[in-house]
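The values are calculated or read from the model by the stated rules, or taken from the named source; none is laboratory data. Predicted, not measured: the structure shown is a model, and the values here were computed from it. In this analysis, Cβ positions are derived from the backbone assuming ideal geometry, glycine residues included, and neighbour counts consider all displayed protein chains. For the accessible areas, the whole protein counts, side chains as well, though only heavy atoms, and no ligand, DNA or RNA atoms are used. Shrake-Rupley method; radii C 1.70, N 1.55, O 1.52, S 1.80 Å.
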Amino acid sequence: MGSTFPVIPTPSQLPPGSSLPSIGGMFPNILPFGVAGQFNPLVIQPQAMTQQATRHARRVYVGGLPPSANEQTVAVYFNQVMAAIGGNTAGPGDAVLNVYINHDKKFAFVEMRSVEEASNAMALDGILFEGAPVKVRRPTDYNPSLAAALGPSQPSPNLNLAAVGLTAGSAGGLEGPDRIFVGGLPYYFTEAQVRELLESFGPLRGFDLVKDRETGNSKGYAFCVYQDLTVTDIACAALNGIKMGDKTLTVRRANQGGSQPRPEQENILLQAQQQVQLQKLVYQVGAIPTKVVCLTQVVSADELKDDEEYEDIMEDMRLEAGKYGNLVRVVIPRPDPSGQPVAGVGKVFLEYADIDGATKAKTALHGRKFGGNPVVAVCYAEDKFANGEYDG
């Protein structure tokens, strides 16, 4: 199932004339975890109590590993990427002390040598390991309150994530007790709209709108962390329960247990709620009319793979959409046969010659059922549509 490293005795615990056992001989698949010959148990032994106390904050959960992964390949890989992004803040040498793999469930616990380096590793969420994106998270025994006193709980803002193909601010910065879960988002909300709503309370340090890996469409929930952590509870209280289109927002601390706003924050909370109501009006179904209508929950990716079925769907859409005005164009993005993500798969775009036709179509089609699902019809930015940008 898995393996862990042995406890190495100090020289004083060995019989006279004995020498320390070879780590390589005991676990030939584990090295390199450092440079052979440099391991000094006398340095580690006095820190045993400290190491145990900080272990929950130094361990990293890595999920979604391919079957070929083993302790050695995981250790070597994370040592390499930590060095590449500048995440090794505890000095020279490798960041990884130990790896335990559960092969049945395809996850590993990677133990770092310092709390700060474990926090830096949180920025690696989504990184490709042997061609597969892996989840990098805190383990379930992670205690944010205790960890706060042991070292930084957020990744360093100076990490060079581009060196390993990641972008700053996607998932990095989204760990810790002040991480907010935002659920119940209408699927047609763009990243820009969600950010703008959340930033009513202040700038964000981290933001991630969770999307379907195959279609690139929103899954209807997001995570964020504010730069000013004092607004965390204010934002949760102001946004939670608000209706957006046909959805109701659920907004709370991701790890629960959040405190209620203090009395001195009530005035700020009131202002924030008023601001949210204004934002809500902007994002309601039917906001800011354009000549382009975007329909979601009309077609599935599977229905678009067959050429004949695709043409039938296109013809049906032209006939139906043509009832409401001068229809210029219908665009229905199709899945890539190679499996690569394609923006807008699952959406239907209707371009009209004027706003009047688009408005009539949106009003008539919104809420109608296709295949048992109620259609969501919204206006779509004309410039994005003209540029072939279908991910909004």
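In table form, for the structure just shown:
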read-out: Qualifying residue in region 232-247 (condition: assigned to a strand (DSSP E or B) and hydroxyl-bearing (Ser, Thr, Tyr)); value: no
read-out: Subset tally (residues that are more than 20 Å from Gly151 (Cβ to Cβ) and open to solvent by less than 50 Å² (accessible area, probe 1.4 Å)) for region 91-102; value: 3
read-out: Filter pass, Lys135 being touching a Phe, Trp or Tyr at 6+ places or on another chain (Cβ under 8 Å), open to solvent by 50 Å² or more (accessible area, probe 1.4 Å) and not hydrophobic (A, V, I, L, M, F, W, C); value: yes
read-out: Filter result for Arg113 (touching a helix residue (DSSP H, G or I) at 6+ places or on another chain (Cβ under 9 Å), under 11 Å from Gly64 (Cβ atoms) and open to solvent by 30 Å² or more (accessible area, probe 1.4 Å)); value: no
read-out: Criterion (open to solvent by less than 60 Å² (accessible area, probe 1.4 Å), of a type in the set (S, T, N, Q), at pLDDT below 90 and within 22 Å of Glu191 (Cα to Cα)) met by exactly one of Thr290, Thr359; value: Thr290
read-out: Residue list for region 343-353, filter: open to solvent by 40 Å² or more (accessible area, probe 1.4 Å) and more than 18 Å from Gly322 (Cβ to Cβ); value: Ala343
read-out: Some residue of region 348-355 being acidic (Asp, Glu) and touching a Phe, Trp or Tyr at 6+ places or on another chain (Cβ under 8 Å); value: yes
read-out: Condition check for Ser218: surrounded by 16 or more Cβ atoms within 10 Å (Cβ to Cβ), out of contact with any Lys or Arg (no Cβ under 6 Å at 6 or more places or on another chain) and of a type in the set (Gly, Ala, Ser); value: no
read-out: Members of region 293-309 found to be surrounded by fewer than 19 Cβ atoms within 10 Å (Cβ to Cβ) and either touching a residue at least 40 places away in the same chain (Cβ under 8 Å) or in a helix (DSSP H, G or I) (or both), listed by number; value: Ser300, Ala301, Asp302, Glu303, Asp307, Glu308, Glu309
read-out: Residue list for region 119-143, restricted to those being in a loop (DSSP other than H, G, I, E, B) and within 14 Å of Phe109 (Cβ to Cβ); value: Val134, Arg138, Pro139, Thr140, Asp141, Tyr142
read-out: Given (1) at pLDDT 85 or above; (2) not in a loop (DSSP other than H, G, I, E, B), index of the condition Arg205 fails; value: (1)
read-out: Any chance Glu382 is of a type outside the set (Phe, Trp, Tyr), more than 22 Å from Lys219 (Cα to Cα) and either open to solvent by 80 Å² or more (accessible area, probe 1.4 Å) or modelled with pLDDT of 85 or more (or both); value: yes
read-out: Complete set of residues in region 47-61 that are open to solvent by 10 Å² or more (accessible area, probe 1.4 Å) and either among the β-branched types (Val, Ile, Thr) or not in a helix (DSSP H, G or I) (or both); value: Thr50, Thr54, Arg59, Tyr61
read-out: Output for region 362-379, where each listed residue is in contact with a strand residue (DSSP E or B) (Cβ under 6 Å, 6 or more places away or on another chain) and surrounded by 13 or more Cβ atoms within 10 Å (Cβ to Cβ); value: Lys362, Leu365, His366, Val375, Val376, Ala377, Val378
read-out: Pairs, first over 16 Å from Tyr324 (Cα atoms) in region 354-380, second in a helix (DSSP H, G or I) and modelled with pLDDT of 85 or more, C-beta under 6 Å, six or more apart; value: Val375/Leu365
read-out: Residue check for Gly322: surrounded by 15 or more Cβ atoms within 10 Å (Cβ to Cβ) and modelled with pLDDT of 85 or more; value: yes
read-out: Scope region 62-90; condition surrounded by fewer than 19 Cβ atoms within 10 Å (Cβ to Cβ), closer than 13 Å to Lys106 by Cβ and in contact (Cβ under 8 Å) with a residue 60 or more places away in the chain; matching residues; value: Gly63, Gly64, Pro66, Ser68
read-out: Any pair with Cβ under 7 angstrom, 6 or more apart, that starts in region 144-166 at a residue that is open to solvent by 60 Å² or more (accessible area, probe 1.4 Å) and ends at one that is in a loop (DSSP other than H, G, I, E, B); value: Asn158/Gly86; Asn160/Ile85; Asn160/Gly86
read-out: Some residue of region 145-165 being closer than 11 Å to Val62 by Cβ and either out of contact with any strand residue (DSSP E or B) (no Cβ under 9 Å at 6 or more places or on another chain) or hydrophobic (A, V, I, L, M, F, W, C) (or both); value: no
read-out: Index of the failed condition, Val96 passing every other in (1) of a type in the set (A, V, I, L, M); (2) more than 24 Å from the chain's Cα centre (by Cα); (3) within 19 Å of Pro152 (Cα to Cα); value: (2)
read-out: Region 218-231, residues that are outside any helix (DSSP H, G or I) and within 14 Å of Glu199 (Cα to Cα); value: Ala222, Phe223, Cys224, Val225, Tyr226, Gln227, Asp228
